[in-house]
Amino acid sequence: MNLTSKQSLIAIVVLAVICIFLGAQLYIGNKNYDDLTNEYGQLEIDKEQVVFDLEKMRFSYDTLQTENSMMIAEIAAQRDRVDGLLTKVKNGNWALGRAKKEAETLRTIMKGYIATIDSVNQLNQALTVENSEMRDRVEEVQDRNSLLEERQENMSEIIEAGRVLQCSEIEATGVRILSSGRQRETSRADRTDMIKVCFTLLENRISEPGSKLIRLRITGPNENVLRSGDEDGYSASRTIDYANERLNACVFYTNEGEDDRLAPGTYLIEVLEDETVIGSVTTDMR
C-alpha cells in the first residue's frame, strides 16, 4: 500500500468518527429537547390545573353566605388571597409547587368555613322550628286562657243569675174590706179593695241570705200599672227575711179610693226581687 492510499484511509476513518460523534450529539440534543418539551407541557398542564382549581375556589368563596360579620371579613380576606395567588400563577411569578401547597391550604380553610356555615344554618333552622313550635304553644296557651276566661265569665254570669230568687205557687185573690173591718174574697173588680198575692220563695243555697225586697207589678186590662203609695213603677213592696230555705209569703196591693175602682178584665201580676222578675200569674176579675 502506497502513501497516498494510507492517507485516504485515515481521512475516511476520521470523517467516520466525526460523523458518529456528530450523530450522537444530535441524538442527545433531540432527546433533551423532547424531554424539555414534555416537561414544559406537563408544567403547562399543572399550571392550568392550578388555575382551574383556584378559579373554582374563588367561585366557591363567592357563594358562601353568612350573617356573621367577623366571618364575612375573614372570607373576604381569604378571597383576596385566592385572587392574589391566581394572578401570580397566571403571570408565572410563583413557583408551581408553592402555588399548589398554598391552594391546598386555602381549600382546607374554605372547607372549614363551609362546615361552620352549614352548622350555623342547621342550628338556625333548628331554632326556627323551635321558635315556630314555641309560638304555637304560646298561641295554644293563650287560646286556652281565653277559653278559661270566657268560661269564668260565663260561670260568673251563671252564678250571678243563680243567686236571684225564684218563686212558685203564685196565687192572686181579690179582697173586699167590710165596714166591720173583716176581709172577704171577691172576684168582682168593682168590689175589690185589695189584691192579695201569695207565693213560695224556693230554696236557693247560693243566694245571699238576709233582707230581700220583694215587689209587685200589677198591670190592668188597660195595660196601666196599678200604683199604691210612693211606689214608683210598682204596685206594692215588702221586705222579707230570707234564710236560703223555702218560704211562704204574701204581698198586698191596696186600692186607695172610690175613684180608683178596678176595671173588669185580666190582670198580669209579676213578682220581682228588686228589679228582676222571679214569677208571674194572671187573674180575671168580673
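Where a number appears in this text, it was derived from the coordinates with a stated rule and is not lab data. None of the values given here were measured: they were computed from a predicted structure. Quick reminder, even Gly has a Cβ in these numbers, built from the backbone with ideal geometry, and neighbours come from all protein chains shown.
Couple of notes before you dig in:
- Most to least packed among 194-200, 79-85 [average Cβ atoms within 10 Å]: 194-200, 79-85
- Electrostatic tally near R137: other residues with Cβ closer than 11 Å to its Cβ, Lys and Arg +1, Asp and Glu -1, net -4.
- For region 167-285, a crude dipole built from +1 on the beta carbon of Lys and Arg and -1 on the beta carbon of Asp and Glu, taken about the Cα centre, is about 440 debye to the nearest 20.
- Estimated distance in nm for a label pair at E203 and I12, the labels positioned 7 Å out from Cα along Cα-to-Cβ: 15.7 nm
- Globularity index of region 167-285 is 1.08 (Cα radius of gyration / 2.2 N^0.38 Å, N = number of residues).
- The modelled label-to-label distance between F21 and E245, using points 7 Å beyond Cα along the C-beta direction, is 15.3 nm.
- Sorting 120-128, 213-221 by their mean Cβ neighbour count within 10 Å, with the most densely packed peptide first, gives 213-221, 120-128.
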